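The values are calculated or read from the model by the stated rules, or taken from the named source; none is laboratory data. Model, not experiment: these values are computed from the prediction. When we count neighbours, we look across all protein chains shown, and the Cβ atoms used for this are built from the backbone with ideal geometry, even at glycine. In case anyone asks, the SASA skips ligands and DNA or RNA and just uses the protein heavy atoms, side chains included. Shrake-Rupley method; radii C 1.70, N 1.55, O 1.52, S 1.80 Å.
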Amino acid sequence: MWNTIGKSLWLKSNCLFHQNQVASDSVHRGNLALQQLSCNACLEENKACKCDQSFESCKRVSGVDEHHAEANNSFTHSVINMTGMLIGLGQLSTPYALETGGWSSAFLMIGLGVICAYCSHILGKCLDKNPKSRSYTDIGQQAFGTKGKLIAATLIYMEIFMALVSYTISLHDNLNTVFSGTQFKVSWAKLSKSQLLTLMAVVVALPSLWLRDLSSISFLSFGGLLMSLVIFTSVACTGIFGGVKANHTIPALRLHNIPAISGLYIFSYAGHIVFPDLYKAMKDPSKFTKVSIVSFTLATILYATLAFMGAKLFGPHVNPQITLSMPPHLIVTKIALWATVVTPMTKYALEFAPMAIQLEHNLPHSMSSRTKLIIRGTVGSVLLLVILALALSVPYFEYVLSLTGSLVSVGICVIFPCAFYLKICWGQISRPLLLLNFTLIAFGLLLGVVGTISSSKLLIKNLKRAHSG
C-alpha cells in the first residue's frame, strides 16, 4: 500500500521535512504519508511513474539517487526527530496516569519505554535484512506477505482514526474551559455551548484537509510540535511561579487501575510507524540503535517529570488532561489551554494524509487532478464530521486514549515488531533473544487484552451513566 515512495517532492521539501518531522505521536503518521505524495505528482506532471509501480521504478523515472536524496541525517538530527515524534497527545495524560496508578506505575512507564526502544532497534534489524523495505507495512509484507502488510495497514488506519477522535475530544474539553464564562447559544441548534464551539473549530480546520502541498502540511506539523512544548513549559511555570504548592501525596500503588492506565502509557510511545523512514534518512544507519536509546530516554524523562510534577501539584484532583487542572486565572493556564485547542486543528490534515494517499491511489489515472482534489477534500470533510459526531457522543478523553493504546498501539509498538523480527531474522537470533521476543509478544498480548477490557468497561460504564442521568 505504501511501498511506492517517490522522490520529486522529497527534493523540493527536504529541508522542511527534516525540520518538521519532529512532530507528536500522531504527527508521525501524517509525515509518513506525506512522502508518498510524489507518485501522484508524477502523474500530474505527465511522467511515466504509476502509483502501482515499485519504488525502484519511480526512482528511475525521477532520476534521483536514493542515497544522496535521503541519507543526510546526522546522529543529533535523528535524535531530535525521533524524540519530537514521541512527544504529543500522550503527555497530557501522564500526570493522571501516575496519580491513578500510584507512583509505582512509573516503573511500568519506564519499562514500556525500554521495551519500545528495543522494538525500535529490531525494526532497524529488519530493515538491515532487506534494504528494499522502506516502511512499516513493507516490513510486515517482508515477514508475512500480503496478510502481514494488510494487518499492519489496518492497525495504522485504526490508530489514525482513534487518535483523531481523541484530539477532537481534547479540543472540545479545552474549548469549554477557555470560554467557560461566555454565553453562547444558537436558538435553532440543539447543541450545548461546548458542542457548538467544537463544531465551529472543526469547520475552521476543514479547509486544511484540502491541502495537497507538502510544505503547507509540514508547516502544520511544526506548529503542532511548538504547541506541545508550550504545554509542557506552561505546566512547569504553574509550579514555579503560579503559587500552586506541590504538596500532594501520590499513592504508592493502585493495582486495580494498572490495566486502564497501561494504555495511556503505551500510547505515549507510539512512533514506530515512521521509524523506518528515520532509519533510511540517516547518514550512518548503524547508529540507529543509539538514536533509539537516546530518544526514548529523553522522552521518558520528559514524561516522568511532567507526571510527577502534575500529580504533586494537583493530587487526586488532577484531570486526565493536565491543562484542565491548572488554575484558570493564570496567564500560563490560558496559554496552555489555547495551545491545546490549536494543536488538534494542526493535526487533522496530517492524520488524514495516509488515507488521502490511498484514496487517490485507487482513483482512475485518467481522472483530472482537480476532480481528485474535490473527491479527496469531500471524503476528508465527511470523515472529519463523522469523527466530530463520535467525539461529541463519547467525550471521555482518558478512556478513548487508553483504549487506543491497549487495542492498537501495543500491537504496532511491541507485538508486531517482535513478530516481524522473529520471522525475518529467525536463523540469526540466539536462544536468549528468541525467549525475550516471545516473552515480549506474550506481555504485549496480555497488556493489550486486559487494557482493552478495562478501558472498554470504564467507557461503557460512563456512557450508561451519562444516558441514565
- request: Compute the distance in nm between two label points, each set 7 Å from the Cα along the Cα-to-Cβ direction, one at Lys457 and one at Lys193.
  value: 3.7 nm
field: Neighbourhood net charge (13 Å Cβ-Cβ; Lys/Arg +1, Asp/Glu -1) for Cys425
entry: +2
task: Let me know the shape class of region 338-469, please: from the alpha-carbon gyration tensor, a ≥ b ≥ c as square roots of the eigenvalues, rounded when a/c is under 1.5, otherwise prolate if a/b is greater than b/c, or oblate.
output: oblate
- prompt: At a Förster distance of 30 Å, what's the computed FRET efficiency of Phe75 paired with Ile375, Cβ-Cβ distance as r, to 0.05?
  reply: 0.10
- line: With every protein chain kept in place and a 1.4 Å probe, region 384-469 has an accessible area per residue in Å² of 47 Å²
